[in-house]
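Each remark here refers to the structure printed beneath this line.
The values are calculated or read from the model by the stated rules, or taken from the named source; none is laboratory data. Nothing here was measured: the structure is a model prediction, and the numbers come from that model. Note that we place each Cβ from the backbone using ideal geometry, even for glycine, and neighbour counts take in every protein chain shown.
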Amino acid sequence: MDLNFSFFFSNFPELTVTGLAFGAIYALIALGYTMVYGVLQLINFAHSEVFMYGTFAALWFTMATVGGGNPGGFQTLAILIGALLSAMAMSALIALILERVAYRPLIKRNAPRLIALISAIGASFVLAELMGLRDRVTGWVGLDDDLRDYVGRARINNSMPNIVDNKVLFSIGDADVRMVDVIVIVAAIVMMVAVDQFVRRSRLGRGIRATAQDPETAALMGVNSTRVIQLTFLLGGLMAGVAAFLYMLKIEVTKFDVGFLLGVKAFTAAVLGGIGNLRGALVGGLVLGVVENWGSAILGSEWRHVVAFVLLVVILLFRPTGILGESLGKART
Amino acid sequence: MLLEVEGLCVNYGHIEAIRDISFGVPEGTITTLIGANGAGKTTTLKTLSGLRKVRAGTVKFEGRDITSIPPYERVEMGISQSPEGRGIFPGMTVTENLDMGAYVRRDRKSTAYEQDLERVFTLFPRLAERRQQVAGTMSGGEQQMLAIGRALMARPRLVLLDEPSMGLAPKLIQQIFDIITEINQQGTTVLLVEQNAAQSLKRAHTAHILETGQIVRSGTGAELAGDEAVKAAYLGGDV
């Protein structure tokens with residue numbers, strides 16, 4: 001194993017910015033894990049699929065609207081916003097369906113958490129395979145060949161048309177800071193702050209915090225727990241949609257099983273930051289993204305995932321509750 | 001009757017926690033349920049709030065059958081509870097906790113809301129001094145005050161108080177009961193569940209004694225306080 005420190009040091013700023021961009025995407029997905037955990041003490045393992053459907057929604061919208069070349073200017077902006085909204089809508093929809101179909105019946109019957117976990121894993125496979133087999137599915141419902149071709153080719157990589165000119169915004173020394181990375185980081189942080197403020201300040205947000213701290217007492221205050229749970233899934237879904245859009249901007253490729261690794265990483269980010277803690281998701285995501293990027297620069301990119309999970313184990317050894325600790329309800333600044 | 005309970009049976013797991021109890025809470029009064037630990041007092045209150053499933057019997061509020069409606073609708077109808085022990089939100093400030101009490105209200109920017117907040121702070125000056133303190137860091141007595149104050153923020157017709165004196169110093173107990181009487185005189189009907197029989201019998205218009213899930217005695221507070229058997233069992237000989 002060669003340690004490539006000279007590459008690491010000469011590219012340090014660029015590696016850090018790229019790492020932050022990855023981390024921002026992890027953080028947005030991690031929000032969904034951490035919020036659902038805060039309210040239900042349940043790991044929503046199907047959340048990775050919520051993200052995956054978002055990537056396809058962004059992809060389809062872009063393919064349908066972009067036409068031949070890159071339109072540029074105002075039209076590009078409109079396409080970007082459309083793709084973002086499609087991804088958010090799709091992810092939110094999948095999250096709400098999950099809540100309704102895979103969780104609510106179990107919660108109503110007071111099923112053990114383990115049962116809900118199995119249900120989540122099952123739902124995750126169903127959703128991924130549905131996407132993977134969608135050329136078959138479109139065949140069953142009798143779509144014509146063009147459309148089949150369009151949504152088909154399920155198990156291979158689907159590439160997004162490149163519509164953002166990934167120009168260098170500015171340089172630090174030899175290192176270039178690129179447009180897409182900056183968009184991703186800024187957008188992710190803006191969304192995280194918005195969710196954080198919503199949960200802290202709004203009436204419904206207070207309902208979420210109250211339910212996370214003590215569901216029975218929250219019910220005594222007049223909080224409708226079903227609504228709170230729905231809202232939690234909705235927020236998580238919307239954020240996964242934003243993550244999906246940003247992912248498509250940066251990585252530009254998606255696949256039916258793209259959610260798996262991203263989901264595991266985002267879950268790692270949530271645990272790293274302190275599961276149940278909104279700000280923890282942000283911190284955990286960014287730390288994970290940066291350290292993993294540094295690690296893969298030094299050790300080689302095949303070590304990327306090893307670095308990520310070693311980091312998780314090391315941090316949990318010393319801080320079992322994660323970097324920021326505390327749960328959603330108890331989290332205060 | 002503001003609240004009418006008839007033939008109520010509640011199971012806790014496989015145990016019959018409440019067996020066929022019936023009682024009423026007349027509007028404008030203080031009614032108390034007293035009994036030892038495990039007699040079923042807390043289960044009764046949780047059932048009235050909708051947190052426990054009813055096996056048999058009915059609960060009526062203002063004549064309407066509420067036996068199977070969810071907890072949040074009961075709060076909207078005007079039933080509010082101060083739960084047992086430290087039933088506050090530990091990670092929220094005093095103000096945020098009081099705000100949670102008013103969760104079902106739509107007039108949170110109005111002067112009526114401000115007045116209710118002032119009323120709670122007048123009843124409990126200690127809370128006024130600690131508005132921005134995180135509730136989990138306050139003393140047991142202060143948390144108890146907060147729980148009662150929070151229950152009042154819903155502007156309830158009926159307030160259910162679960163062991164408001166538990167774990168408090170004697171001087172503070174006196175104070176809490178004075179405040180309960182005051183709340184009642186301001187027009188709120190009170191259902192009070194207590195182990196402190198001496199104080200609750202003194203304050204209550206009507207009292208019921210709960211033993212192993214059944215009501216074994218009922219009467220006015222004064223009647224029961226003067227009863228020899230009640231004295232021996234619950235009042236330690238003399239009041």
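A residue that is surrounded by fewer than 24 Cβ atoms within 10 Å (Cβ to Cβ), out of contact with any Cys (no Cβ under 9 Å at 6 or more places or on another chain) and not in a helix (DSSP H, G or I) occurs nowhere in the range A:23-38. Here residue B:128 fulfils each of the conditions (1) of a type outside the set (Lys, Arg); (2) under 15 Å from residue A:210 (Cβ atoms); (3) more than 21 Å from the chain's Cα centre (by Cα) apart from (2).
Only one residue in B:131, B:74 is more than 10 Å from chain A (Cβ to nearest Cβ) and either part of a helix (DSSP H, G or I) or surrounded by fewer than 24 Cβ atoms within 10 Å (Cβ to Cβ) (or both), so which one is that? Steps first, please.
Values: B:74 fails: more than 10 Å from chain A (Cβ to nearest Cβ).
Just a single option satisfies the conditions, and that option is B:131.
Yes or no, residue by residue, for (1) modelled with pLDDT of 95 or more; (2) buried (at least 21 other Cβ atoms within 10 Å of the Cβ):
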{"position": "A:184", "(1), (2)": "no, yes"}
{"position": "A:197", "(1), (2)": "no, no"}
{"position": "A:203", "(1), (2)": "no, no"}
{"position": "A:214", "(1), (2)": "no, no"}
{"position": "A:237", "(1), (2)": "yes, yes"}
{"position": "A:257", "(1), (2)": "no, no"}
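Checking the structure you have, find out if any residue of the range B:159-171 is under 16 Å from residue B:82 (Cα atoms) and small (Gly, Ala, Ser). Yes, the range B:159-171 contains at least one residue that is under 16 Å from residue B:82 (Cα atoms) and small (Gly, Ala, Ser). The number of residues in the range B:136-184 that are assigned to a helix (DSSP H, G or I) and not charged (D, E, K, R) comes to 25.
Cβ-Cβ distances below 6 Å connect the following pairs, each with a first residue in the range A:176-205 that is farther than 19 Å from residue A:85 by Cα, a second residue that is outside any helix (DSSP H, G or I) and aromatic (Phe, Trp, Tyr), and a separation of six or more residues or different chains: A:177/A:170. One residue alone among B:78, B:7 is over 23 Å from residue B:127 (Cα atoms) and over 17 Å from the mean Cα position of the chain (by Cα), and that residue is B:7. Would you call residue B:153 touching a helix residue (DSSP H, G or I) at 6+ places or on another chain (Cβ under 7 Å), within 14 Å of chain A (Cβ to nearest Cβ) and crowded, with 24+ Cβ neighbours inside 10 Å? Taking the combined requirement at face value, the residue satisfies it. Just one of A:218, A:269 is part of a helix (DSSP H, G or I), in contact with a helix residue (DSSP H, G or I) (Cβ under 9 Å, 6 or more places away or on another chain), buried (at least 24 other Cβ atoms within 10 Å of the Cβ) and within 14 Å of chain B (Cβ to nearest Cβ); which is it? Going through A:218, A:269 in turn, the sole match is A:218. Taking the condition surrounded by 17 or more Cβ atoms within 10 Å (Cβ to Cβ), in contact (Cβ under 8 Å) with a residue 60 or more places away in the chain and under 20 Å from the mean Cα position of the chain (by Cα), does residue A:322 pass? Judged against the criteria, residue A:322 is not a match.
Can you tell me which residue within the range B:46-71, out of those that are of a type in the set (D, E, K, R) and under 28 Å from residue B:165 (Cβ atoms), is farthest from the other protein chains (Cβ to nearest Cβ)? This residue is B:52. Would you check which residues across the range A:252-280 are in contact with a strand residue (DSSP E or B) (Cβ under 8 Å, 6 or more places away or on another chain) and among the basic types (Lys, Arg) and list them? Matches in the range A:252-280: A:255 only. Within the range B:205-237, the residues that satisfy the criterion of being farther than 20 Å from residue B:37 by Cβ, in contact (Cβ under 8 Å) with a residue 24 or more places away in the chain and not in a strand (DSSP E or B) are B:205, B:221, B:225.
On the given criteria, is residue A:248 in contact (Cβ under 8 Å) with a residue 12 or more places away in the chain, buried (at least 24 other Cβ atoms within 10 Å of the Cβ) and over 21 Å from residue A:130 (Cβ atoms)?
Judged against the criteria, residue A:248 is not a match.
For the criterion of being more than 24 Å from residue A:178 (Cα to Cα), of a type in the set (Val, Ile, Thr) and either touching a residue at least 12 places away in the same chain (Cβ under 8 Å) or surrounded by fewer than 24 Cβ atoms within 10 Å (Cβ to Cβ) (or both), residue A:298 fails. Being modelled with pLDDT under 90 and aromatic (Phe, Trp, Tyr) holds for only one residue in A:22, A:51, A:7, A:45, and it is A:7.
Could you list, in sequence order, all residues of the range B:78-112 that are in a helix (DSSP H, G or I) and at the interface with chain A (Cβ under 10 Å from one of its Cβ atoms)?
B:96, B:97, B:99, B:100, B:101
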